[in-house]
Amino acid sequence: MMIFPRKLFHSTIFRLTLLNAAFFCISIIAILTFVYFATVREMESQIKHRITIQITQAQSVYKARGLEELKKQISEFIEEDDEGLFIYVLVDKQGKTIIGNMESWPEDFEYSENWLMFDLESRNASEAPHILARDVTFPDGTRLLVGYSLKGPERAKKTMFDVVCASILLAFIITGFGGTMFSGVIRRRLEKVNQICSQVIGGNLDVKVPLTGGADEFDHLASNVNTMLARIAELVNGLKQASDNIAHDLRTPLNRHRIRMEGILNHPLEPNKINENIKAGIEEVDMIVETLNSILRISQAQAGVASGHFVTFDLSMVMTSVIEFYEEFASQKHIAMQSSIPTGIFAYGDKPLITQSIANLIDNAIKYTPKGGSISVALAQYEQFIECIVADNGPGIPADFYDKVKERFFRMEESRTSAGTGLGLSLVDAVAKLHRGELLLQDNNPGLKATLRLAIVASQDSAPPAA
Amino acid sequence: MRILVVEDDKSNAEYVREGLIESGHNVDISSDGMDGLYMATEQKYDALIIDRMLPKLDGLALIQALRSSGNKTPVLVLSSLAKVEERVKGLRSGGDDYLVKPFAFSELLARIETLTRRGGNVAQSEQGQLQVGNLVMNLLSHTVTRDGKNIPLQNREFKLLEFLMRHADQVVTRTMLLEGVWDFYFNPQTNLIDAQVSKLRQKIDKGFDKSLIHTIRGAGYKVSANGP
């Protein structure tokens, strides 16, 4: 009966209910009005038909058997009319009444299209019913008038009018009641969502909107709200974890820095030591800044905020350039770096973050591969994703640690002494997820094979320029 | 050179001022955006150093106002916003270079000198060719010769040398090399730049009595035929 749009708002429910009731009532009024007028018209035409039959009958009697027989016929008519609704009057040339159930020819009448309309005041002054009549004049000047009282039809009309009014009133009450019920149901369901939202605003993120299991619009809304809440909880937890980690991991280098500064203060007469400490201190500060930057980039990638800065760029060129950058490092360690980078592979994404991710993977591979080892770097495009693969034949990572190493600040015990922020793989992982991809870690037998998989996004801002 | 520093942090501004004066420049300091805009419009400066977050008038708004009035003085933007998008925003507003805090003073100095000498000292003797002393780089044939003798270079070495030669007689910092040559907007935490330059130096300077690639202590590198 009621059609609701998908989005419902508190006040909208009322407006819609009212609007619907109004439409419903208007349609009922229209239908009943039509029925009323059609019935009235039908009643009138039936009356006219009956009058015409009697006139015709009277004419034929007069024509065949004369005035006396006509008088008899009229008396019969009067007798037959049990309800007393018909009116007959027969007058002679002078207008004197010959026979009839009415005293004389009516004096005051309206005339239209062979039909007369007049009031019969003599009968009952209070009712004053309209009479519909037709007259006929015979060749000798005698005139006959046959009429019909509209008292019955008037009553029928009045009854019908009352029925129409009652129907409209009933319709209004029913739609009003139904509408209130409807809006009540909808308000109650929305109220649940609102209560949950208030709790969230109050700081409780561990809540869920209950689902009714009906798979309707409200369940849809509820499940969207739940997904949103889960995402918010995830972000808040991420933020909390990040700030905990920042606090933890920055204390150590800050402490080292402080000790160094104290050392300078305590040994003012050893210029060599002062220089050495200051140099190390500056390096430490640079390291702290880079750690901070990495944490910010990871949070930014995890929050998905960087997706607004996506561009289409030549990933082949970026990879080639990063490999070139690290060639010197590899050759210092006598590591053979092989690469297989097809030209013209374009990616849509955050260029600086992807560049850093590839650099992190290659940097890790070179750091953890012993002298004389080998590394292979490859780029491959598939139907739905692009893969940047960095594989080494170093010691690798035990499979149990594949998830652990993606966590912020996690470092394998034996590699703690190597330089690094402990954020490299976390960043790659976050960047992969930002591009709807993943960071795959596999055993390279021996060594580690790291694959940065990036989803190919269909809606790229522009077609890649021809190479 | 006459330089205006618009920076609201007093100790930072003082540190920059002292450093620039030591390097032989004249420095004015302004501590808010409105005042800075007034000074930059009223007087003639060779370079402006503008912090992004300023009281009264935001740093980027200041630069936009300056540029829309036709002022073309080189601007170095200082900012604590490290994201690459922020850098792009800074450059789009009319800044010529963008330096993220905290920075080394040598970095700031090198960038200011690069900005003010931009286009002036580029070692371009002919089209498609760069030249510093007897070192000639042909950009079309991708070849490098010194004293007419061909020096074979790896692609990465060629890129590095090209950037250094385009900034001949200017100090180029490690960060400038990372950004300009490799498009790296992060610190890779290795001394790879130093290793790359020393490898390049072996190829360019070995066997010649005059060095062209100079190390500037605490700052970076410089390619010059006139010594460091």
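Coordinate-derived values only; no laboratory data. Source: prediction; values computed, not measured. Don't worry about glycine lacking a Cβ; one is built from the backbone with ideal geometry, like all the others, and counts go over all protein chains shown.
Below, the figures for the structure above:
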| quantity | calculated |
| --- | --- |
| Cα centroid of segment A:79-96 to Cα centroid of segment A:26-64, whole Å | 20 |
| Theoretical FRET efficiency, 1/(1+(r/R0)^6), r = Cβ-Cβ of A:ASP216 and A:ARG41, R0 45 Å, to 0.05 | 0.40 |
| Reachable lysines from A:LYS158, criterion Cα separation under 24 angstrom, eight or more residues apart if same chain | A:LYS48 |
| Modelled FRET efficiency - R0 41 Å, A:MET160 with A:VAL136, Cβ distances, 0.05 increments | 0.80 |
| Inter-chain Cβ neighbour average for residues B:177-187, partner chain, 10 Å | 5 |
| Computed magnitude of the charge dipole of segment A:127-280 (debye, nearest 20; Cβ of K, R +1, Cβ of D, E -1) | 240 |
| Amide proton proximity set for B:VAL27, modelled H, under 5 Å, gap of 5+ | B:ILE3 |
| Simple label model, 7 Å out from Cα along Cβ direction - A:ILE29 to A:ASP206, nm | 5.8 |
| Residues of type lysines that B:LYS101 reaches as a straight line, Cα spacing below 18 Å, ignoring anything fewer than 8 places off in the same chain | B:LYS10, B:LYS83, B:LYS89 |
| Rg followed by Dmax, in Å, when segment A:191-276 is reduced to its Cα trace | 25.7, 81 |
| Under 18 Å from the A:GLU283 label point (7 Å along Cα→beta-carbon), backbone N, segment B:90-109 | B:104 |
| Cα radius of gyration and Dmax for segment B:129-223 (Å) | 12.8, 38 |
| Packing-based order for A:393-401, A:286-294, A:423-431, A:316-324, using average beta carbon neighbours within 10 Å, highest first | A:423-431, A:316-324, A:286-294, A:393-401 |
| Zero-based 10 Å bins, Cα pair distances in chain A, whole percents | 3, 13, 14, 11, 9, 7, 6, 5, 5, 6, 6, 6, 5, 2, 1, 0, 0 |
| Where the Cα pairs of chain B fall when distances are cut into 5 Å bins, in % | 1, 6, 14, 17, 17, 14, 12, 9, 6, 3, 1, 0 |
| Shielding by partners - mean other protein chain Cβ count within 10 Å, residues of A:273-286 | 1 |
| Unsatisfied cross-links (Cα-Cα over 26 Å) in the set A:LYS367/B:LYS199; A:LYS333/B:LYS149; A:LYS279/A:LYS367; A:LYS371/B:LYS206; A:LYS367/A:LYS449; A:LYS371/A:LYS449 | A:LYS333/B:LYS149; A:LYS371/B:LYS206 |
| Those lysines that a straight Cα-Cα span of less than 17 Å connects to A:LYS71, excepting residues fewer than 8 apart in one chain | A:LYS63, A:LYS93, A:LYS96 |
| Residue exposure sequence - B:HIS167, A:HIS267, A:HIS257 - by fewest surrounding Cβ within 10 Å | A:HIS267, A:HIS257, B:HIS167 |
| Added length on full extension, which subtracts the Cα-Cα distance from 0.36 nm per residue, A:ILE168 to A:ASP403 | 77.5 nm |
| Sites B:GLN127 and A:GLU387 - FRET efficiency at Förster radius 41 Å, r taken between beta-carbons, to 0.05 | 0.50 |
| Contact order relative to length of chain A, as percent, for alpha carbon pairs under 8 angstrom and 6 or more apart | 10 |
| Separation in nanometres of the label points that stand 7 Å from Cα toward Cβ, at B:SER68 and B:THR41 | 1.1 |
| Averaged over A:318-327, number of beta-carbon atoms from partner chains that fall within 10 Å | 5 |
